[in-house]
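Participant: First, the structure itself, so that you have it in front of you.
The values are calculated or read from the model by the stated rules, or taken from the named source; none is laboratory data. Because the structure is a prediction, the values reported are computed rather than measured. Note: ideal-geometry Cβ built from the backbone for every residue, glycine included; neighbour counts use all protein chains shown. Ligands, DNA and RNA are stripped out before the accessible areas are found, and what is left, the full protein with its side chains, is counted by its heavy atoms. Shrake-Rupley method; radii C 1.70, N 1.55, O 1.52, S 1.80 Å.
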Amino acid sequence: MTPTNTAAEAPALFTLTTGPVNCYPEVLSALGKPVLYDYDPTFMAFYEKVMRKVGSALGVKDTPIILQGEPVLGLEAAAHSLVAPDDTVLNLASGVYGAGYGEWLKPRAGSFHEIRTVYNDAIDPADVDAFLTAHPETALVAVCHHDTPSGTINPIKEIGQIVRKHGALYVVDSVSAWAGVEVDVEACCIDVLVTGPNKCLGCPPALSILTVSERAWAKMEANPAAPRASILSILDWKDAWKATEGFPFTPSVSEIYGLEAGIDLYLKEGPQNVWARHAKTAAAMRAGVKALGLELWAAREEIASPTCTTIKLPEGVDETVLRNTMKEKYGVMISSGRAETFNKLVRVGHMGPTAHPIYTVLTLTALAGALSEITGKDFDLGGAIVAANAVIAA
Ligand SMILES: *Cc1c(COP(=O)(O)O)cnc(C)c1O
């Protein structure tokens with residue numbers, strides 16, 4: 001047979017991206033189960049069972065909400081549902097996603113404010129405290145937990161306690177951190193957490209998962225602008241988890257099977273162990289990157305994400321050339337930057353099945369090999385692997 005795939009067309013052997021990520025094999029096989037009619041009582045009971053499991057994985061007492069679209073739907077829906085026309089809102093932006101959230105808040109708010117940092121740093125809780133002291137009327141504060149295009153983590157607990165003290169509602173985008181990093185919804189005083197199964201839970205992109213506090217339900221119910229009979233409605237799904245209630249529209253049946261498999265794996269491994277696996281993988285990667293003589297993007301290592309490592313591009317290296325060389329020569333696919341971080345960095349995901357330290361050895365090999373080819377310089381791959389291994393062994 002004549003080969004039909006060029007190197008560029010062939011899929012990567014290893015997808016070590018920051019989302020979507022390779023799914024767990026158990027998730028893939030669950031996705032292939034027969035599609036039940038959503039009003040088959042068997043499916044309705046199954047949906048309730050899965051929702052309770054999701055609630056226990058999230059550590060919340062109220063049953064969470066699933067919206068039937070990848071997490072951007074949940075994020076947009078939260079902005080539409082919570083923000084009333086005369087509200088003062090504060091958006092916290094330390095990266096592309098955080099700033100992007102402001103674009104949904106701004107047109108709906110009476111008064112919109114933002115605290116920004118440079119995109120390799122994190123929000124300072126003291127700035128939030130100062131703002132809320134000066135603007136006690138603030139109804140809502142939004143933050144991105146792990147701003148993925150920067151690979152940096154915001155202090156969501158410290159910020160949340162300040163927000164609660166001032167009486168505002170608190171919305172957190174934890175799409176790319178939850179299930180890879182501890183997120184204690186209660187202790188962080190989160191009113192609406194938006195996440196999804198397509199990052200650290202190792203499922204495909206298709207669903208949004210939201211926790212909603214009693215205060216947040218009350219706010220939505222009192223908000224004349226909150227969507228109803230709409231794909232953006234959170235309120236429509238409030239009771240849909242109960243086997244005795246109907247669905248506003250057909251849920252993504254197969255994706256719910258996949259979600260259950262992802263949640264089961266997470267609970268069986270034990271959330272603490274899952275978080276430790278993510279943290280160790282990222283620590284090994286950072287050690288290897290530094291030993292190669294490359295620089296981390298994050299201003300400080302304490303704010304570098306356990307679910308993604310961002311690496312500054314060396315002078316004169318084009319990100320597309322680097323990533324394509326890594327893919328075509330080594331079979332390793334990593335992520336680019338986005339918007340303001342595009343062509344300034346590359347990103348290696350440690351999410352779900354790829355949050356295993358041995359993948360760092362693979363990635364460092366591809367990275368050093370591609371960089372040597374592009375720049376004609378030597379990179380100390382041996383030293384990098386030794387450094388990563390030291391973290392793995394510790
Ligand atoms: C992945 C991700 C989302 C979902 O958005 P996509 O751009 O569609 O992948 C939202 N927020 C954050 C922080 C994410 O990492």
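Participant: Show me 290-301, 174-185, 354-365 ranked by packing, highest mean number of other Cβ atoms within 10 Å first.
Facilitator: Working: 290-301: 17.7, 174-185: 25.2, 354-365: 21.1.
Order by mean packing, descending: 174-185, 354-365, 290-301.
Participant: From the helices alone, meaning DSSP H stretches of at least four residues, give me the mean residue ellipticity at 222 nm for the chain, per-run term -39500 (n - 2.57), in deg cm²/dmol to the nearest 500. Don't skip to the answer; put the middle values down first.
Facilitator: Working: 12 runs with 156 residues, N = 394.
For the chain, the value works out to -12500 deg cm²/dmol.
Participant: Rounded to whole Å, give me the distance from the Cα center of segment 110-167 to that of segment 6-53.
Facilitator: Rounded to whole Å, the Cα centres lie 34 Å apart.
Participant: Starting from the Cα of residue 165, draw a straight line to each of the aspartates and glutamates and keep only those under 12 Å, dropping any in the same chain fewer than 8 residues away.
Facilitator: 129
Participant: Count the net charge of all other residues whose Cβ sits under 13 Å from the Cβ of residue 287, scoring Lys and Arg as +1 and Asp and Glu as -1. Present the calculation step by step, with values, prior to reporting the outcome.
Facilitator: On the way: positive: 280, 286, 290; negative: 301, 380.
After counting each charged neighbour, the total is +1.
Participant: Continuing with the same structure: Between residue 249 and residue 61, what is the FRET efficiency for a Förster distance of 22 Å, r being their Cβ-Cβ separation, to the nearest 0.05?
Facilitator: Details: r = 27 Å, r/R0 = 1.23.
The value I calculate is 0.20.
Participant: What does the charge count around residue 391 come to, taking other residues whose C-beta lies under 13 Å from its C-beta (Lys +1, Arg +1, Asp -1, Glu -1)?
Facilitator: Values: positive: 277, 280, 286, 290; negative: 301.
Charge balance in the 13 Å sphere: +3.
Participant: FRET efficiency for residue 392 and residue 318, Cβ-Cβ distance as r, R0 = 41 Å, nearest 0.05? All intermediate terms of the calculation are to be shown ahead of the outcome.
Facilitator: Details: r = 31 Å, r/R0 = 0.76.
The value I calculate is 0.85.
Participant: Starting from the 7 Å offset along Cα-to-Cβ, what nm value, one decimal, do you get for the label separation of residue 118 and residue 302?
Facilitator: 1.8
Participant: If you line up the long axis of helix 381-393 against the longest principal axis of the chain, both from Cα atoms, how many degrees apart are they, to the nearest 10?
Facilitator: 50
Participant: Order the peptides 188-196, 53-61, 270-278, 81-89 from the highest to the lowest mean number of other Cβ atoms within 10 Å of their residues. Mind dumping the intermediate values first?
Facilitator: On the way: 188-196: 27.1, 53-61: 17.7, 270-278: 15.9, 81-89: 20.7.
So the order, starting with the most tightly packed, is 188-196, 81-89, 53-61, 270-278.
Participant: Using a simple charge model, +1 on the beta-carbon of Lys and Arg, -1 on the beta-carbon of Asp and Glu, nothing else, what dipole does segment 25-267 show about its Cα centre, in debye to the nearest 20?
Facilitator: Values: 17 positive and 31 negative charges, 48 e Å.
Roughly 240 debye, rounded to the nearest 20.
Participant: Apply 1/(1 + (r/R0)^6) to the Cβ-Cβ distance of residue 215 and residue 33, taking R0 = 30 Å, and write down the FRET efficiency to the nearest 0.05. Intermediate values should be presented prior to the final figure.
Facilitator: Working: r = 38 Å, r/R0 = 1.25.
Working from the Cβ atoms, E equals 0.20.
Participant: I would also like to ask the following. Between helix 156-165 and the chain, what is the angle of the helix's C-alpha long axis to the longest principal axis, kept within 0 to 90° and rounded to the nearest 10?
Facilitator: Taking the Cα atoms of the chain, the angle to 156-165 is about 20 degrees.
Participant: Let me have the relative contact order for the chain, percent, based on Cα pairs under 8 Å that are six or more residues apart.
Facilitator: Details: 845 pairs, mean separation 90.1, N = 394.
Dividing the mean separation by the residue count of the chain yields 23 percent.
Participant: What is the helix-to-structure angle for 358-375, meaning the angle in degrees between its Cα long axis and the longest Cα principal axis of the chain, kept from 0 to 90 and rounded to the nearest 10?
Facilitator: 60
Participant: Multiply the residue separation of residue 137 and residue 86 by 0.36 nm, subtract the distance between their alpha-carbon atoms, and state the gained length in nm to one decimal. Let's see the in-between values first.
Facilitator: Working: separation 51, 0.36 × 51 = 18.36 nm, distance 1.04 nm.
That pair, residue 137 and residue 86, stretches by 17.3 nm at full extension.
Participant: Also: In terms of the Cα gyration tensor, with a ≥ b ≥ c the square roots of its eigenvalues, is the chain rounded because a/c is under 1.5, prolate because a/b exceeds b/c, or oblate? Write down the numbers at each step before the final one.
Facilitator: Values: a/c = 2.00, a/b = 1.33, b/c = 1.50.
Since a/c reaches 1.5 but b/c is at least a/b, the shape of the chain is classed as oblate.
Participant: Cα-Cα over 31 Å: which of 268/290; 199/327; 33/238; 280/377; 199/219; 157/329?
Facilitator: 268/290; 157/329
Participant: Counting residues in segment 302-394 as N, plug N into 2.2 N^0.38 Å and put the Cα Rg over that result.
Facilitator: On the way: Rg = 13.1 Å, N = 93, 2.2 N^0.38 = 12.3 Å.
Cα Rg divided by the expected 2.2 N^0.38 Å: 1.06.
Participant: Ranked from highest to lowest mean number of other Cβ atoms within 10 Å per residue, what is the order of the peptides 93-105, 148-160?
Facilitator: On the way: 93-105: 21.5, 148-160: 25.5.
So the peptides 93-105, 148-160, ranked by packing, come out 148-160, 93-105.
Participant: Please report the net charge: other residues with Cβ closer than 11 Å to the Cβ of residue 146, K and R +1, D and E -1.
Facilitator: Local charge sum for residue 146: -1.
Participant: What whole-number value in Å² describes the accessible area per residue of the chain for a 1.4 Å probe? Don't jump to the answer; show the numbers that get you there.
Facilitator: Numbers: 15640 Å² over 394 residues.
Result: 40 Å² of accessible area for each residue.
Participant: In the chain, what percent of the accessible surface is made up of carbon and sulfur (1.4 Å probe, ligands and nucleic acids excluded)? Write out the running numbers ahead of the final one.
Facilitator: Details: 8650 of 15640 Å².
Accessible surface attributable to carbon and sulfur in the chain totals 55 percent.
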